[in-house]
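Laboratory data are not the source of any read-out in this text; all were calculated from the coordinates shown. This structure is a prediction, so every number in the text was calculated from the model and none was measured. In this analysis, Cβ positions are derived from the backbone assuming ideal geometry, glycine residues included, and neighbour counts consider all displayed protein chains.
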Amino acid sequence: MNGQGKVSGKRERRERGQSLVETAVVFPILLLLVAATVDFGRAFDAYIVLTNATREGARFGSVNPEMTVEQIEDIVITDIMGSGTNLTPINESDIVVTVEGQAPGSEIVKVTVSYPLDLWFGQLIGIPQVTLTKISEMPRWRSD
């Protein structure tokens, strides 16, 4: 400091350089956190869509024993594709649906849906894709 309470020019320049280095170190970490948050949000959105679709398929199968496995699979895929989600585009050809317990005498209808979700920023951390799987079971509804 000089006699008038001001910081000398050299010190001021060093502090500006220090701020630039701190920003250069912190910015990539902050950017990675934002990217991870975006991908997590997309995965969560897709998981909610799969959850609703499996529940709907299991429910339709449990109250309608006359429905075929293919009809239940169609209901699940239609529900997924019609979810209206813009955040996570889902390709119909990637959806894997299995239905168990639709045969006569079954007590539980089980619907499983798997979907490989491509992460937008997953390459940054070495995980380009995650497979989301949801299973829903419903007891067979009886009218007697």
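Quick notes
- HN-Hα J in Hz across segment 53-61 - Karplus 6.51, -1.76, 1.60, θ = phi - 60°, x for Gly and Pro: 5, 5, 4, 5, x, 5, 5, 4, x
- Here each label is just a point 7 Å from Cα along the line to Cβ, and for L30 and D94 those points are 3.1 nm apart.
- Kirkwood Rh, Cα atoms: Rg over Rh of segment 30-144: 1.09
- Length released on extending from E22 to Q71, taking residue separation times 0.36 nm less the Cα-Cα span: 11.8 nm
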